[in-house]
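Notes follow the structure.
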């Protein structure tokens with residue numbers, strides 16, 4: 001059987017549109033069109049209600065679905081606890097229909113940070129058992145899609161009989177185990193290729209113990225990249241971006257997140273290391289504190305990364 005080449009995805013600038021485009025979310029749709037034309041395999045949207053505001057991801061993804069024909073549509077990552085399970089199952093099934101089966105539901109419980117607890121509190125949702133509650137929501141979505149809940153017949157059914165695949169974002173021991181035993185894919189923020197390789201070993205071991213074929217899992221990685229001809233300028237861009245996005249210096253976020261600032265050539269080499277460690281779907285986020293020349297920079301970055309796959 002032929003081995004599928006690794007894929008390249010783009011995290012669309014849904015939060016950046018609020019930070020630098022006066023909430024003009026048309027730039028997100030425009031970026032998706034350009035990404036598909038450039039050759040990207042997938043486009044992704046993030047999720048946050050109050051902690052790091054942006055457009056609602058499933059609504060944005062529906063708009064992207066209508067503006068594209070080929071790219072997969074992903075959430076990186078969706079926070080199921082921000083939505084009622086029945087409504088979430090309905091939304092995902094509808095989006096899977098609109099996109100004709102192009103949806104990837106990347107999910108996570110939300111980081112253990114004050115912003116996460118605050119937005120869940122605003123919804124009246126407990127935040128002390130987030131992973132357990134997330135798993136309950138996902139399991140209920142799957143039951144609803146299989147029409148296994150007495151008294152409830154959810155329509156429309158997803159485009160695919162089992163519904164869209166769920167990928168898990170996270171790297172703690174419990175998350176790694178769940179990625180291997182329960183999910184269709186894994187999408188971590190692993191700060192180094194070595195961290196990624198270690199996590200992937202745990203995911204594969206968990207899958208094997210559960211009687212699953214580890215090779216059936218989709219293995220992604222989420223990388224934030226800033227590029228410039230001068231590495232010091234790339235570092236400046238990244239730091240300004242991270243400070244605007246998260247409110248902390250880039251060096252702080254780099255402790256738990258894959259971040260690289262450098263030339264196109266160094267970005268290619270850095271990404272190569274994740275591919276060598278087992279990544280099969282690279283999702284990149286452009287770490288620039290402006291949307292000026294966004295589509296052209298993303299195109300150049302894609303072309304550099306594509307060389308890693310040839």
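The values are calculated or read from the model by the stated rules, or taken from the named source; none is laboratory data. Computed from a prediction, not measured in an experiment: that's the story for all the values here. All Cβ positions, glycine included, derive from the backbone under ideal geometry; neighbour counts span all protein chains shown.
Being over 16 Å from residue 103 (Cα atoms), at pLDDT 95 or above and part of a loop (DSSP other than H, G, I, E, B) narrows it down to one of 70, 54, so name that one. Talk me through it step by step, then tell me what you get.
Numbers: 70 fails: over 16 Å from residue 103 (Cα atoms).
The unique qualifying residue is 54.
Determine, yes or no, whether residue 170 is outside any helix (DSSP H, G or I) and at positive phi. Don't jump to the end; show me each part of the working.
Working: outside any helix (DSSP H, G or I): yes; at positive phi: yes.
In short, yes.
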I'd like the residue in the range 63-89 that is without any contact (Cβ under 8 Å) to a residue 60 or more places away in the chain and under 12 Å from the mean Cα position of the chain (by Cα) and, out of all such residues, is surrounded by the most Cβ atoms within 10 Å (Cβ to Cβ). 73
Scan the range 21-45 for residues that are surrounded by fewer than 22 Cβ atoms within 10 Å (Cβ to Cβ) and not in a helix (DSSP H, G or I) and report the count. 7
Scanning the range 122-165 for residues that are in a helix (DSSP H, G or I), in contact (Cβ under 8 Å) with a residue 24 or more places away in the chain and closer than 11 Å to residue 89 by Cβ gives 137, 138, 140, 141, 144, 145
Checked the range 255-267 for anything crowded, with 18+ Cβ neighbours inside 10 Å and either under 19 Å from the mean Cα position of the chain (by Cα) or assigned to a helix (DSSP H, G or I) (or both); matches are 257, 258, 259, 260, 264, 267
Those residues of the range 77-116 which are assigned to a helix (DSSP H, G or I) and modelled with pLDDT under 95 amount to 114, 115, 116
Would you check which residues across the range 1-20 are surrounded by fewer than 19 Cβ atoms within 10 Å (Cβ to Cβ) and outside any helix (DSSP H, G or I) and list them? 1, 2, 3, 4, 5, 7
Residues of the range 268-300 being in contact (Cβ under 8 Å) with a residue 12 or more places away in the chain, out of contact with any helix residue (DSSP H, G or I) (no Cβ under 8 Å at 6 or more places or on another chain), within 24 Å of residue 244 (Cβ to Cβ) and not in a helix (DSSP H, G or I), which ones? 283, 285
